[in-house]
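Trainee: Attaching a single structure in structure tokens format; questions to follow.
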Amino acid sequence: MIAQLNNQYFTTLSQPLVQYLLHLADTTLILGHRNSEWCGHGPILEQDIAISNIALDLIGQARMFYQYAAEKAQQPGATDITEDSLAYLRDGIDFKNLLLAEQQNGDWAITILRQFLYSSWQYLVYEQMQQGTDVQMAAIAEKAIKETTYHIKWSGEWVIRLGDGTEESHKRMLHAIEVLWPFTGEMFTPVDFEKEGIQQGWAVDVASLQQPWLQRIQQAFDEAGLSVPQSQWQQTGGKKGVHTELLGFLLAEMQHLQRAYPGSEW
Amino acid sequence: MTTISTIEEQKVWKLLESVYDPEVPVLTVLDLGIIRKLAVVEGRVFITITPTYSGCPAMDVISMQIRMALWQNGFQEVEIHTELSPAWTTDWMTEAGRKKLQAYGIAPPQYRKNKFHTPSFFEEEDTPVCCPRCQSTNTQLVSQFGSTACKALYQCLDCHEPFDYFKCH
């Protein structure tokens, strides 16, 4: 069954629009899954609840993109491509998430900075997506941007609290910046399916978001007593399916149930 | 929305008054403002609902409960369609719903004064959130995220009770 699915993936899942939807879906799902790893382990109850809530929002957003991708990729009359098959039966090389999303939780500083860097980008993406030519994507963006607004506020406040906190928390934030910054460049570097979508009006021109994104990060970093790294080598590849070794471990856990017991339901 | 509602449609609207949000069990689906369209054509019911939050697990349960309520009252064929745009906002919650929330111990959402925007860091609501128990406005935000996606945690600084606030969306 999986072999058959894979055959079909090569044909219908290679359309640029579907690739783009998968990139959006995969990124929100993988970050949502990472955040969900905190459930039951948060530093205090309220923050455990907060990060789990954010995980839920992201996984909900991922579902909307997967459902739409499945609708676009489905052959007429077929029913085998579903949001679940897309999330649970593709391999690491098929995943198009940003590398930033798959990075390990590390300490609280890494988790909240990863969220802040990502949500600030996602907000700008959703803002532009609402003006795009694809009606369904615009509707998803209109819905999801409200949730993202809360994520930016929450994570940004933590960046300031820790950056401008104790000597130890400041040191942890510096370390978090060092770990995560090399994965931010990818957010603004379009790959082939995006370039095609930008021309046709359904993809967000991510390169144009870099300046407004940097301004928002700068503003929070200023308040936090942190500085934006000037120039640093940037790692790319996530959108092309070239991932860090961390994704394989994440998928092994996330997909285990559907791989071991195909088609099982709650 | 149709302007002339048939007797059957009025019956369906009435039945929806018995379908409650499983996570905030004092609010009906009508109080929440999530029913966007309703039509009955030759005995078939068409309902359009809009989700509150993208990942809200209550949405699937709500659809199921709507079907159950209608089936039990003779409506065999029910089609529920989900519509994302325009996006749901707490401004669509009814006055009756707000009063029920307050009585239940959850501070109702404030109306949005402006278009949805990104608030500055550490900025709270435009007007103070009122404690549902003692009505004091001397309250403080404990956490932006509460027991469900739609709520924030607050504490009253007068009666010292912690309480949920149904946040603006």
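The values are calculated or read from the model by the stated rules, or taken from the named source; none is laboratory data. None of these values were measured; they are calculated from a predicted model. When we count neighbours, we look across all protein chains shown, and the Cβ atoms used for this are built from the backbone with ideal geometry, even at glycine.
Trainee: Given the criteria within 28 Å of A:Y20 (Cα to Cα), more than 21 Å from the chain's Cα centre (by Cα) and outside any helix (DSSP H, G or I), does A:P262 qualify?
Mentor: yes
Trainee: Pick from segment B:97-108 the residues that are more than 14 Å from B:V29 (Cα to Cα) and touching a Leu at 6+ places or on another chain (Cβ under 9 Å): which of them is surrounded by the most Cβ atoms within 10 Å (Cβ to Cβ)?
Mentor: The qualifying residue surrounded by the most Cβ atoms within 10 Å (Cβ to Cβ) is B:A107.
Trainee: Suppose we filter segment A:197-209 for residues that are surrounded by 15 or more Cβ atoms within 10 Å (Cβ to Cβ), part of a helix (DSSP H, G or I) and not small (G, A, S); how many remain?
Mentor: Here the count works out to 3.
Trainee: (1) assigned by TED's automatic domain parsing to the domain that holds B:Y154; (2) part of a loop (DSSP other than H, G, I, E, B): which one isn't true of B:P22, the others all being true?
Mentor: Against the list (1) assigned by TED's automatic domain parsing to the domain that holds B:Y154; (2) part of a loop (DSSP other than H, G, I, E, B), B:P22 comes up short only on (1).
Trainee: Here's a check for you: in segment B:56-96, which residue that is in contact (Cβ under 8 Å) with a residue 24 or more places away in the chain, closer than 16 Å to B:L15 by Cβ and exposed (fewer than 15 other Cβ atoms within 10 Å of the Cβ) is farthest from the other protein chains (Cβ to nearest Cβ)?
Mentor: B:N73
Trainee: Name the residue that is surrounded by the fewest Cβ atoms within 10 Å (Cβ to Cβ), counting only residues in segment B:116-166 that are away from chain A (no Cβ under 14 Å) and aliphatic (A, V, I, L, M).
Mentor: Step by step, filter segment B:116-166, then rank; the result is B:L157.
Trainee: Considering each residue of segment A:247-266, count those that are exposed (fewer than 15 other Cβ atoms within 10 Å of the Cβ) and aliphatic (A, V, I, L, M), and give that number.
Mentor: 3
Trainee: Specify which of the listed residues (A:P212, A:P229) is more than 17 Å from the chain's Cα centre (by Cα), surrounded by fewer than 17 Cβ atoms within 10 Å (Cβ to Cβ) and not in a helix (DSSP H, G or I).
Mentor: A:P229
For every residue, the table says whether it meets (1) modelled with pLDDT of 95 or more; (2) within 14 Å of chain B (Cβ to nearest Cβ).
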position	(1), (2)
A:H41	no, no
A:G60	yes, yes
A:Q74	no, no
A:G92	yes, no
A:N97	yes, no
A:A101	yes, no
A:L113	yes, no
A:D134	yes, yes
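Trainee: Looking only at segment A:142-164, which residues are more than 7 Å from every other protein chain (Cβ to nearest Cβ), within 19 Å of A:Q131 (Cβ to Cβ) and crowded, with 22+ Cβ neighbours inside 10 Å?
Mentor: A:T148
Trainee: If B:Y53 passes every condition in (1) more than 14 Å from chain A (Cβ to nearest Cβ); (2) surrounded by 13 or more Cβ atoms within 10 Å (Cβ to Cβ) but one, which one does it miss?
Mentor: All conditions are met except number (1).
Trainee: With closer than 28 Å to A:N53 by Cβ and either part of a helix (DSSP H, G or I) or not polar (S, T, N, Q) (or both) as the only criterion, which of B:V12, B:V61, B:V45 stands out?
Mentor: B:V61
Trainee: Taking only segment B:25-42 into account, find how many residues are part of a strand (DSSP E or B) and within 12 Å of the chain's Cα centre (by Cα).
Mentor: Selection size over segment B:25-42: 2.
Trainee: Here is a further query. Condition first: in contact with a strand residue (DSSP E or B) (Cβ under 6 Å, 6 or more places away or on another chain) and at pLDDT 75 or above. Now tell me which residues in segment B:109-127 satisfy that.
Mentor: B:P109
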